[in-house]
Amino acid sequence: ERHIMAGLEIHQEELAGRLTLRLTGTLDGRTAIQLRSSLEELGAREVVVDFAHLREFRDSAVGVLTHGLTERKVQFRGLAGHHERMFRYFGLTTGIISPPRAYYTPEEVLA
């Protein structure tokens, strides 16, 4: 199932009983609002949001997405390190699925 909105496509994929929303296109403040309402429509379901295929991910989307998502069973996959840190700054620490990294950046060592 595909939801197309200006700049952002959300592909819903059911894998092993888990719903994955694969995003393509541009995620910014405006399309993040649409993504958030798509997530709200899914209710209490466990959802994985896959950011790996986005062409563009603007920082303005992070604040919009974290608002109201901290209580939900949403997992984030395919985030770049920068956006992963942005989500953490906004208080979203659970649900970020990141590949294990074999190296540490200086700010992680200091933290």
(request) Mind counting the residues in the range 32-52 that are part of a loop (DSSP other than H, G, I, E, B), within 13 Å of residue 10 (Cβ to Cβ) and under 11 Å from the mean Cα position of the chain (by Cα)? (result) 1
(message) Quick check on the range 14-31: of everything there that is within 17 Å of residue 73 (Cβ to Cβ) and assigned to a strand (DSSP E or B), which residue is modelled with the lowest pLDDT?
(response) 15
(message) Just to verify a result, which residue in the range 56-99, among those that are in contact with a Ser or Thr (Cβ under 8 Å, 6 or more places away or on another chain) and part of a helix (DSSP H, G or I), is modelled with the highest pLDDT?
(response) 61
(request) Working only within the range 7-29, note down all residues that are loosely packed, with under 14 Cβ neighbours inside 10 Å and either in contact with a strand residue (DSSP E or B) (Cβ under 9 Å, 6 or more places away or on another chain) or touching a residue at least 40 places away in the same chain (Cβ under 8 Å) (or both). (result) 13, 14, 15, 18
(request) Return only the number of the condition from (1) in contact with a helix residue (DSSP H, G or I) (Cβ under 6 Å, 6 or more places away or on another chain); (2) on the phi > 0 side of the Ramachandran plot that residue 43 does not satisfy. (result) (1)
(message) Can you tell me which of (1) under 17 Å from residue 69 (Cβ atoms); (2) surrounded by fewer than 17 Cβ atoms within 10 Å (Cβ to Cβ) is the one residue 32 doesn't meet?
(response) (2)
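The values are calculated or read from the model by the stated rules, or taken from the named source; none is laboratory data. It should be emphasised that the depicted structure is a prediction, and the values quoted were computed from it without experimental measurement. Note: ideal-geometry Cβ built from the backbone for every residue, glycine included; neighbour counts use all protein chains shown.
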